[in-house]
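Here the structure is laid out as structure tokens; the discussion comes afterwards.
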Amino acid sequence: MTERSGSLDLNDRKIKILQTIIRTYLDTGEPVGSRTISKDTDLSLSSATIRNEMSDLEEMGYIIQPHTSAGRIPTDKAYRLYVDTMLDYKSEEISDLKEQLEEKTDKIDALLKQVAKFLASNTNYASMVSGPRYKSKKVKFIQITPVDEESILTVIVLDNNVVKNQLLRITEPVEQEQIVKLNFILNTTLNGLDVTEMNLAIIKEIKEQVGSHTGVIDAVLELIGNALTEDDDLEVYTSGATNILKYPELTSKSETTELLNAFEEKKIIKNWLATTDNGEEGEKHDIQVYIGDETKVETMKDCSMVTATYRIHEGVYGKIGIVGPKRMDYDKVVSTLHSLMAQLDDIFKN
């Protein structure tokens, strides 16, 4: 998390007052008044002086007064400043998590389900975990098998163990000897390549080696190209959606229903992935915090989301997200994710 320039316009006194407002509101969910600040800080200021400072903070966009005669609550700008400069990160040791996950899981999908449940239970917020995505897919194995004189079955296995198969219609029969030769040439030439490496020179080399049935080769190569470029359905594991109901600011009937429906239907994480998964940025291992509109997901404008990226190995990664109110306990969430990512790194290295 990088430090923003927003704190440069605040003196030490304003920072201490703002920090007290934020932390008190995170704990209580109630507007914070000048009396509370005078009791909870060591500034030895009068209530009148504190009110003047709060008035300045309000003009600067860090706090707002939700109701007349009420105290103040932090704005998104204040939460962003808190996350970037005030958050007191403490590493939370989760010593037995690795053992729990390894004992209860022997497959990646089961492990990721356990991660989602653990996060929801440990943080009291909603969690979502995406299945692994591949930065680029490569050819692992190709098998062409004659079905009859007018069709052949093409099976393509990718390095993520996804299997694609399709029946191809052919205009002329292909002898078994040619099938064996074609399988050998395709596998020795294309094994380990992704779509960017399958250039015209390689295609020309394949055709020259086969020497005939160029129509069949073109059709098979088109299938391989499609298999390497098409998006697979993204698996998403969620847990703790009803935790959202524990926070009064998120329980407006229409907004809560929309948020819960979107969460349960897996729309939120897919929308979030679409807006944050850009090239190298999408594979960053850092923990990121999105507040309100920063998520770019309409149903989450009143929420915050803290995310991290897990890596299984180079080019294979997935996303983890924790969703809660803007007044979420950022210290706990960030420390929990730090510990979790360290545990997952150990698991995936084995």
Quiz prompt | Qualifying residue in the stretch 265-274 (condition: under 12 Å from Met128 (Cβ atoms), in the same structural domain as Met328 (by TED's automatic domain parsing), modelled with pLDDT of 70 or more and loosely packed, with under 13 Cβ neighbours inside 10 Å) | solution = yes
Practice problem: Note down all Cβ pairs under 9 Å where the first residue falls in the stretch 208-237 and is farther than 15 Å from Phe184 by Cβ, the second is aromatic (Phe, Trp, Tyr) and crowded, with 16+ Cβ neighbours inside 10 Å, and they're at least six residues apart or on different chains. | Solution: Asp232/Tyr134
Self-check item: Qualifying positions in the stretch 201-233 - among the aliphatic types (A, V, I, L, M) and either surrounded by fewer than 12 Cβ atoms within 10 Å (Cβ to Cβ) or touching a strand residue (DSSP E or B) at 6+ places or on another chain (Cβ under 9 Å) (or both)
Solution: Ala201, Val216, Ala219, Val220, Leu223, Ile224, Ala227, Leu228
Quiz item: How many residues are without any contact (Cβ under 8 Å) to a residue 40 or more places away in the chain and of a type in the set (A, V, I, L, M, F, W, C) if we restrict to the stretch 44-60?
Solution: 4
Self-check item: Hits in the stretch 152-162 - residues which are surrounded by 13 or more Cβ atoms within 10 Å (Cβ to Cβ) and either within 26 Å of Glu314 (Cα to Cα) or not hydrophobic (A, V, I, L, M, F, W, C) (or both)
Solution: Thr154, Val155, Ile156, Val157, Leu158, Asp159, Asn160, Val162
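Given the residues Met128, Met198, which is the only one that is at pLDDT below 85 and either buried (at least 17 other Cβ atoms within 10 Å of the Cβ) or closer than 30 Å to Val334 by Cβ (or both)? Outline the logic, then answer.
Details: Met128 fails: at pLDDT below 85.
The unique qualifying residue is Met198.
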Self-check item: Matching residues in the stretch 39-78 - criterion: being of a type in the set (Ser, Thr, Tyr), closer than 24 Å to Met328 by Cα and surrounded by fewer than 19 Cβ atoms within 10 Å (Cβ to Cβ)
Solution: Thr41
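Got a sec? Which of Leu190, Leu168 is closer than 14 Å to Lys137 by Cα and more than 30 Å from the chain's Cα centre (by Cα)?
Details: Leu168 fails: closer than 14 Å to Lys137 by Cα.
Among Leu190, Leu168, only Leu190 is closer than 14 Å to Lys137 by Cα and more than 30 Å from the chain's Cα centre (by Cα).
The values are calculated or read from the model by the stated rules, or taken from the named source; none is laboratory data. As the structure is a computational prediction, the values presented were derived from the model and not from experiment. In this analysis, Cβ positions are derived from the backbone assuming ideal geometry, glycine residues included, and neighbour counts consider all displayed protein chains.
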